[in-house]
Number of protein chains: 2
Amino acid sequence: MPDQTDPLTSELWATAHAMADAARTETLRHFRVAGLVSDNKLASGFDPVTEADRAAERAMRAVLAERRPEDGILGEEFESSQGTSGLTWVIDPIDGTRGYISGTPTWGVLIAVGDGDRVQLGIVDQPYIGERFCGGFGEAWVDGPMGRAPLRSRPCAGLSDAVLFSTFPEVGSEAERRGFEAVRDRVRLTRYGMDCYAYALVAAGQVDLVIEAGLHAYDVQGPIGVIEAAGGIVTDWQGGPALNGGRIVAAGSVEVHAEALELLSRAI
Amino acid sequence: MPDQTDPLTSELWATAHAMADAARTETLRHFRVAGLVSDNKLASGFDPVTEADRAAERAMRAVLAERRPEDGILGEEFESSQGTSGLTWVIDPIDGTRGYISGTPTWGVLIAVGDGDRVQLGIVDQPYIGERFCGGFGEAWVDGPMGRAPLRSRPCAGLSDAVLFSTFPEVGSEAERRGFEAVRDRVRLTRYGMDCYAYALVAAGQVDLVIEAGLHAYDVQGPIGVIEAAGGIVTDWQGGPALNGGRIVAAGSVEVHAEALELLSRAI
């Protein structure tokens with residue numbers, strides 16, 4: 001679905017997919033291997049999640065070194081580099097490491113590229129399911145077990161109709177938790193535990209709101225790219241830019257976003 | 001992996017797989033179609049989850065009518081029938097309807113067959129991922145995106161090493177919630193929101209404990225079949241049989257089960 005007529009757009013998409021493919025291989029190499037240990041370290045002291053995290057980031061950086069050496073990189077595991085092109089890749093090799101070590105299929109590989117003010121392209125990839133949520137340059141779609149489908153966030157009349165997700169019920173500081181709970185007490189349904197997959201579901205028009213706190217830039221930029229391209233909105237709890245992480249509210253529609261924001265901004 | 005030398009065993013497995021295949025088709029037909037509505041009813045009043053639930057149970061009953069008309073049936077959606085063979089199928093076409101309507105990949109189709117005292121065979125099927133957890137007659141395995149693998153629950157020295165799952169943080173009655181929280185406060189990691197998928201992860205040796213309350217027979221018998229065949233243990237909070245649902249504790253090892261039970265039985 002990306003516009004193949006613009007060479008930079010095609011190159012950025014091709015690079016992003018090559019990165020996601022490389023990360024799939026590395027993350028799946030260690031997924032569920034630690035089945036017989038309960039402390040995530042094998043008897044040898046080997047820690048599968050740390051190893052997978054680093055190997056996947058190294059693999060993504062190798063793709064960038066080959067295809068886009070002039071771009072900057074901000075990753076979770078290794079040092080940032082500035083770049084000279086004005087574009088920076090923001091990557092999280094395994095978002096949801098606690099989900100990963102528990103064998104769930106809701107962790108993901110997050111990839112974004114932008115100019116510092118805007119995410120131009122974002123990917124949320126779930127390697128085990130083989131599902132890739134993509135958004136950027138005005139297009140959003142998912143490739144998964146049931147083929148390709150466009151992504152479109154859904155309208156929602158207000159909080160009382162909304163489905164809300166958050167990774168933990170214990171959201172952030174006490175003030176942050178109060179903010180979260182003020183929204184939670186007004187929505188139709190609250191669910192937990194989906195890691196980055198919840199953001200993909202906002203883009204897919206299945207979920208209306210995701211509220212979290214304490215996030216990093218690399219936790220949110222991939223989701224921002226996908227959700228914005230699907231018609232949704234992602235800001236901090238004051239309605240400001242969410243690019244640097246922190247307190248995040250992602251919504252499928254402006255109405256439900258505004259209602260959530262009013263409760264959240266009051267709490268902090 | 002099932003023992004093909006015993007004709008009844010092979011027939012039960014073949015029947016169970018045919019049921020799971022039929023339910024996959026029906027559940028996926030409506031999964032994520034309601035993307036543009038937030039109340040799960042399309043403008044026409046059509047409710048995709050109810051329709052999928054019923055269609056999947058009808059499809060499974062049709063398989064039984066053809067292959068095992070003499071067996072009893074206990075299903076979520078339609079009336080029970082007694083049967084004359086001494087065997088009863090216990091089926092839940094969509095376990096985790098709230099997950100289903102939110103587009104998550106952690107709801108499942110649950111199938112079990114037993115003689116009333118024991119589950120002989122259980123299946124937890126996740127249609128979207130294309131993953132089927134199977135256990136019975138001394139064998140347990142999963143067929144999924146990465147092929148076939150044996151299932152084996154893992155040892156766990158005690159609660160302080162354990163990973164605990166439950167669908168909601170608000171578990172059951174106040175006394176039940178206290179029991180859950182007594183365990184939660186002792187474990188290494190607690191996660192929510194996985195529906196029946198959490199039980200499959202106990203069988204897969206990824207998770208040590210699942211604790212829930214207020215379940216029905218059809219919510220637990222499929223998981224019991226898989227977990228027991230994988231070496232784990234499922235009882236109620238007093239250590240009694242869990243076949244009829246109610247308060248459930250599923251564990252990968254006897255040590256962690258005993259520790260959890262002590263706290264849970266004290267709370268109620």
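Which distances, shortest first and in nm, link B:Ala62 to the matching position in the other copies, using label points set 7 Å out along Cα to C-beta?
5.0
Which residues in the range A:244-262 place their backbone N less than 13 Å from a point set 7 Å from the Cα of A:Ala182 along the Cα-to-Cβ direction?
A:259-262
How far, in whole Å, is the closest Cβ of chain B from the axis that maps B onto A, and which residue does it belong to?
Closest to the rotation axis on chain B: B:Gly193, 1.
What's the carbon and sulfur percent of the range A:159-265's accessible surface, probe 1.4 angstrom, rounded to a whole number?
That fraction is 46 percent.
Shortest first, in nm, what separates the label point of B:Ser173 from those of the same position in the other copies (7 Å along Cα→Cβ)?
Label-point separations across copies, in nm and ascending: 4.0.
Please list the non-local residues whose amide H lies under 5 Å from the amide H of A:Gly231, H modeled 1.01 Å from N, same-chain partners needing a gap of 5 or more.
A:Ser153
Would you work out if the range A:66-166 is rounded, prolate or oblate? Take a ≥ b ≥ c from the square roots of the eigenvalues of the alpha-carbon gyration tensor; rounded if a/c is under 1.5, else prolate when a/b is larger than b/c, oblate otherwise.
Prolate, since a/c reaches 1.5 and a/b exceeds b/c.
Would you grab the residues whose amide H sits under 5 Å from the one on A:Leu121? Only those 5+ places off in sequence or on another chain, please, with H modelled 1.01 Å from N.
For A:Leu121, the qualifying residues are A:Val113.
By the gyration tensor of its Cα atoms, with a ≥ b ≥ c the square roots of the eigenvalues, what is the shape of chain A: rounded for a/c under 1.5, prolate for a/b over b/c, or oblate?
Oblate, because a/c is 1.5 or more while a/b does not exceed b/c.
Apply the Debye scattering formula to the range B:159-265, with a single equal point scatterer on each alpha-carbon and no solvent, then give log10 I(q)/I(0) at q = 0.13, 0.17, 0.19, 0.23 Å⁻¹.
Relative scattering, expressed as log10 I(q)/I(0), comes to -0.36, -0.64, -0.83, -1.32.
Can you run phi through the Karplus equation (6.51, -1.76, 1.60; θ = phi - 60°) for the range A:206-215 and list ³J(HN,Hα) in whole Hz, with x for Gly and Pro?
These are the phi-based 3J(HN,Hα) values: 9, 9, 9, 8, 10, 10, 8, 9, x, 8 Hz.
Report relative contact order for the range A:7-152 in percent, whole number only (criteria: Cα-Cα under 8 Å, sequence separation at least 6).
Computed over the range A:7-152, the figure is 17 percent.
Which whole-Hz ³J(HN,Hα) couplings does the range A:90-104 yield from phi under the Karplus relation 6.51 cos²θ - 1.76 cosθ + 1.60, θ = phi - 60°, glycine and proline marked x?
Taking θ as phi minus 60°, the curve returns 10, 10, 10, x, 9, 8, x, 5, 5, x, 4, 6, 9, x, 6 Hz for the range A:90-104.
Mind checking A:21-32 for the average number of partner chain beta-carbons within 10 Å of each residue's beta-carbon?
Mean partner shielding for this stretch: 1.
Using a 1.4 Å probe on the protein chains only, how many percent of the accessible area of the range A:67-131 belongs to carbon and sulfur?
Of the solvent-accessible surface of the range A:67-131, carbon and sulfur hold 40 percent.
Tally Lys/Arg at +1 and Asp/Glu at -1 over every other residue whose Cβ is under 12 Å from the Cβ of A:Asp21; what's the total?
Counting the neighbours of A:Asp21, the net charge comes to -1.
Give, ordered by residue number, each residue of the range A:120-163 whose 1.4 Å probe accessible area is reduced by a minimum of 40 Å² on adding the remaining protein chains to the chain alone.
A:Tyr128, A:Ile129, A:Met146, A:Arg154
If we hang a label 7 Å off Cα along the beta carbon direction at B:Ser265, how far is it from the matching labels on the other copies, in nm, shortest first?
5.5
When all protein chains stay in place, what accessible area (Å², nearest 10, 1.4 Å probe) is found for A:Thr84?
130 Å²
Counting only other chains, and only Cβ atoms inside 10 Å, what mean value do you get across the residues of B:202-211?
3
Distance between the C-alpha centers of the range A:73-110 and the range B:198-227? Whole Å please.
Centre-to-centre distance over Cα atoms comes out at 32 Å.
Chains A and B: buried accessible surface, both sides, probe 1.4 Å, rounded to 100 Å²?
Counting protein atoms only, the buried area is about 3800 Å².
Give me the percent relative contact order of chain B, please, defined on Cα pairs under 8 angstrom at least 6 residues apart.
16 percent
Going by the alpha-carbon gyration tensor, a ≥ b ≥ c the square roots of its eigenvalues, is the protein assembly as shown rounded (a/c under 1.5) or, if a/c is not under 1.5, prolate (a/b greater than b/c) versus oblate?
prolate
Apply the Karplus curve 6.51 cos²θ - 1.76 cosθ + 1.60, θ = phi - 60°, to the phi angles in the range B:72-88 and return the couplings in whole Hz, x for Gly and Pro.
x, 9, 10, x, 6, 9, 10, 5, 6, 9, 7, x, 10, 8, x, 10, 10
If amide H atoms are built 1.01 Å from N in the plane of the peptide, which residues on other chains or at least 5 residues away come under 5 Å of the amide H of B:Ala242?
The list, which skips near neighbours in sequence, is B:Asp236.
Under Stokes-Einstein, with the Kirkwood radius over Cα pairs standing in for Rh, what whole-number D in µm²/s applies to the range B:195-254 at 4 °C and 1.567 mPa s?
120 µm²/s
Just the number please: accessible area per residue for the protein assembly as shown, 1.4 Å probe, all protein chains included, in Å².
Heavy-atom SASA per residue in the protein assembly as shown reads 36 Å².
The values are calculated or read from the model by the stated rules, or taken from the named source; none is laboratory data. Everything numeric in this text was worked out from a predicted model, so none of it was measured. Ideal geometry is used to build each Cβ from the backbone, glycine not excepted, and the neighbour counts take in all protein chains shown. For the accessible areas, the whole protein counts, side chains as well, though only heavy atoms, and no ligand, DNA or RNA atoms are used. Shrake-Rupley method; radii C 1.70, N 1.55, O 1.52, S 1.80 Å.
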